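Every number here is computed from the coordinates shown, using simple stated rules; none is lab data. A quick note: this is a predicted structure, and the numbers were derived from the prediction, not measured. So basically every Cβ, Gly included, is an ideal-geometry build from the backbone, and we count neighbours across all protein chains shown.
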Amino acid sequence: MPPKRPKVNAEHEAIATKLLERMNLRQKIGQMTMAERLSAEPDDVRRYGLGAVLSGGGSHPGDNAPDDWVRMNDEFWQAAMGDGDGPGIPILYGCDAVHGNNNVQGATVFPHNIGLGAAGDAGLVAEAARITAREMLDSGLDWNFAPTLAVVQDCRWGRTYESFGNDPQRVASFGRHYVEALQGEGIVGCVKHWAGDGGTRNGMDQGETTLPWEELERTHIAPYYPALEAGVMTVMVSFNSWNGEKCHGHRFLVTELLKERLGFDGMVLSDWDGVNYLDEDYGTAIRLSVNAGLDMFMVPERWREFIDALEAQVRLGHVSTARIDNAVRRILRTKLRCGLFDRPRPSRRLGTGSGCTGCAEHRTVARRAVRESLVLLKNERNLLPLKPEQRILVAGKNAHNLGHQCGGWTRSWQGETGNDTIAGTSIWEGMRELAPNARLSAGGDGGDADPNEHDVALVVIGERPYAEGFGDIRSGDDLVVEGGSMVNGLMNPLEPYARSLELAETHPEDLACIRRISEKGVPVVVVLVSGRPLAVGRELAASAAFVAAWLPGSEGRGVAEVLLGMGDFQGRLPLPWPGDGDPAGGEMQFPGGFGLSYSPAAFDNVVGLNYKAG
Ligand code: GLC
């Protein structure tokens, strides 16, 4: 059943009509243009009437404090609205606040979506969205390119962690909760990437999703319905292809299905230079995408060329003025719907400069999200929960590394390493606060383990940060690179891909650390920090207990709290966990939905901590 959509507001439509009547073709095309902040000055907004500006991952003004963002947004607002010679139409300023307002210094960083999927708590998703919105407002922002509604099918995909998991119903529910909460706070939402991104073959980012319509609809399109019904205002198109046709030029998916059959009357936007893949000739590529039904174009650097090329396509009669007017009407409708015309400059808006960024209240919610996201995969002889008085050796490359525990899309696009750029607590710092006899391994590699000095070891292992295709795990023909670009127009990464789902192949230092300690007779608890399930048969065999922590974000103390029995394990796998040996991860180690909890007996021997059921 097509989702019901909010009624069109007659007053808004009348205003949009008046604005359209007074705009010339270039001004209309300006509204369809989104530039990146490093390539456009406020004066360009004034002169070209740009409809939107964005920050790519990590692209920040000044010292990246909320005030710096407010100052920048004020300047863009002034150029659009304040000087009398601008378009008199406010811009939308967008960014990827995909797990908190993650670009901004000091922001609360939530577990990535895969961890929220493991937590399985829709109310928590809504709370995370509300807090994200409030911290965005604190920076004077108004548009979030979130939530991702990908339904991940192959955990070799570098964007697995941006998905709530492989269950379409869960993705649908969490998408609606996220959108309602985010937009309820006044931030424009954007569901992405339309359509079928999670079904990309072999997990190759920006690749080919080959599915019959019934399967595409059931798995990858239906999860959008509740968010569309909830009134999500924008939809971002996927880089992917469906059955060989790029979504950015897919008239059926964008116009016939999303706009006509599902009745979406908001704004459809491209992804980053997404039109480039449609044709070698830029004008042709733009024509194909505009005529397929996209309204706003994310053309971060090429935006001047885009404006000229689209104007030429209209003058040549290849794009109708009716299509241009419809695109601009949808953009204006979106800005009217979110109240952008009625809002004062960012620095004077409700919530801006509220000082809530990274506040204790927000971090408390993020810490709860960490606790609820953890999945217990093994616990021999009830080694867990640990006791606070135990002599705990903490080792592993991810034990004291906020950058690694936050993952990609944190302070920078590809993420960070170390503890200097992100405010929060590492897993080690959480242990140190709660277990006075815990010690950090001198070399970090467990070489100093000693059964006479240590009762147990906690070894935190896993992945280093990545984002998008840079996180793909690829092998064989999937590594074919022709000339400057990958096969199928895929992104051509600067870094070689990981070649295997097996952690022991890509990060042998982790298994070495576990074995170095366990061979000395010190039992090992492993915590895996990763954006996805990985084949960890050997690491599992070498450890007495094993926890999947995903990418917990800034509040690593939440991991320590559960390890020490201050809460029970509640997390359940949001997708199947691959076994060793099969590059495609076909062999399953644990099924989706798997997850152990502490037994009541496990708490008998932990002094001072009561067992909390459920
Ligand atoms: C990226 C991503 C998209 C993101 C956009 C802006 O390429 O595909 O999810 O919103 O660019 O950063």
message = Using the basic label-point model (7 angstrom from Cα toward the beta carbon), what is the Arg218 to Ser39 distance in nanometres?
response = 4.1 nm
request  = Would you work out the relative contact order for the chain, in percent, from Cα pairs under 8 angstrom that are 6 or more residues apart?
outcome  = 17 percent
note = With Ile307 itself left out, Lys, Arg at +1 and Asp, Glu at -1 over residues whose Cβ is under 12 Å from its Cβ give +1
query = With a ≥ b ≥ c the root eigenvalues of the C-alpha gyration tensor of the stretch 172-312, is it rounded (a/c under 1.5), prolate (a/b larger than b/c) or oblate?
reply = oblate
query = Of all DSSP beta bridges in the chain, what percent run antiparallel (nearest 5)?
reply = 20 percent
request  = Please list the non-local residues whose amide H lies under 5 Å from the amide H of Trp413, H modeled 1.01 Å from N, same-chain partners needing a gap of 5 or more.
outcome  = Gly58
Average Cα contact separation per residue, the stretch 19-162, under 8 Å, 6 or more apart, as relative contact order % = 22 percent
note = Between the residues Leu350, Thr364, Met32, the Cα farthest towards the positive end of the dipole of the chain, that dipole coming from +1 and -1 charges on the beta-carbon of Lys, Arg, Asp and Glu, is from Leu350
request  = Rounded to whole Å and sorted largest first, list the principal axis extents of the Cα atoms in the stretch 171-221.
outcome  = 38, 22, 12
key: Charge dipole of the chain about the Cα centre (unit charges at C-beta), most positive-ward option of Gly415, Gly203, Gly57   = Gly57
query = So how do Lys378, Lys18 line up by other beta-carbon neighbours within 10 Å, fewest first?
reply = Lys18, Lys378
ask   = Which value in nm describes the separation of the simple spin-label points at Asn9 and Leu383, placed 7 Å from the Cα toward the beta carbon?
value = 5.8 nm
ask   = Rounded, prolate or oblate: which fits the chain when a ≥ b ≥ c are the square roots of the eigenvalues of the alpha-carbon gyration tensor, with rounded for a/c under 1.5 and prolate only if a/b beats b/c?
value = prolate
request  = Divide the volume of the convex hull of the Cα atoms of the stretch 229-364 by its number of residues and quote the answer in cubic angstrom per residue.
outcome  = 170 Å³
query = What is the distance in Å between the Cα centres of the stretch 1-70 and the stretch 131-168?
reply = 21 Å
ask   = Which of the peptides 381-387, 64-70 is most tightly packed, and how do the rest follow, going by the mean number of other Cβ atoms within 10 Å of each residue?
value = 64-70, 381-387
Reduced Cα scattering model of the stretch 58-130, Debye log10 I(q)/I(0), q = 0.24, 0.26 Å⁻¹ = -1.03, -1.11
ask   = Size of the dipole of the stretch 1-113 about the Cα centre, Lys and Arg at +1 and Asp and Glu at -1 on the beta carbon, nothing else charged, in debye to 20?
value = 680 debye
remark   = Residues meeting the amide H criterion for Ala535 (H placed from the backbone, H to H distance under 5 Å, 5 or more places apart or on another chain) are Glu502, Leu503
query = Can you give the net charge of the other residues whose Cβ lies under 11 Å from the Cβ of Thr334, counting K and R as +1 and D and E as -1?
reply = +2
key: Virtual spin-label span in nm between Arg251 and Arg71, 7 Å along Cα→Cβ   = 4.9 nm
request  = At 20 °C and 1.002 mPa s, grab the translational diffusion coefficient of the stretch 501-586 from Stokes-Einstein with a Kirkwood Rh over Cα pairs, rounded to a whole number in µm² per second.
outcome  = 153 µm²/s
remark   = With the charge dipole of the chain built from beta-carbon charges (+1 for Lys and Arg, -1 for Asp and Glu) about the Cα centre, the Cα from Leu540, Ala309, Ala327 projecting farthest to the positive end belongs to Ala327
request  = Provide the FRET efficiency to the nearest 0.05 for the Ala512-Asp281 pair, computing r from the beta carbons and using R0 = 45 Å.
outcome  = 0.30
inquiry  = Quick check for me: using +1 on Lys/Arg Cβ and -1 on Asp/Glu Cβ, what's the dipole size of the chain about its Cα centre, in debye to the nearest 20?
reply    = 1520 debye
ask   = Over what distance in Å are the Cα centres of the stretch 417-449 and the stretch 357-382 separated?
value = 17 Å
ask   = Once every DSSP H run of n ≥ 4 in the chain is given -39500 (n - 2.57) and the sum is divided by its residues, what mean residue ellipticity at 222 nm do you get, rounded to the nearest 500 deg cm²/dmol?
value = -9000 deg cm²/dmol
request  = Report the net charge of residues surrounding Gly581, where surrounding means a beta-carbon distance below 10 angstrom and charges are Lys +1, Arg +1, Asp -1, Glu -1.
outcome  = -4
key: Stokes-Einstein D for the stretch 195-252, Kirkwood Rh over Cα pairs, 4 °C, 1.567 mPa s (µm²/s)   = 110 µm²/s
Order of Val370, Val365 under a 10 Å beta carbon neighbour criterion, fewest first = Val365, Val370
message = Classify the stretch 371-417 from the C-alpha gyration tensor, please: rounded if a/c falls under 1.5, else prolate or oblate depending on whether a/b exceeds b/c.
response = prolate
inquiry  = Placing unit charges on C-beta atoms (Lys and Arg positive, Asp and Glu negative, everything else neutral), compute the dipole magnitude of the stretch 107-178 about its Cα centre in debye, rounded to 20.
reply    = 140 debye
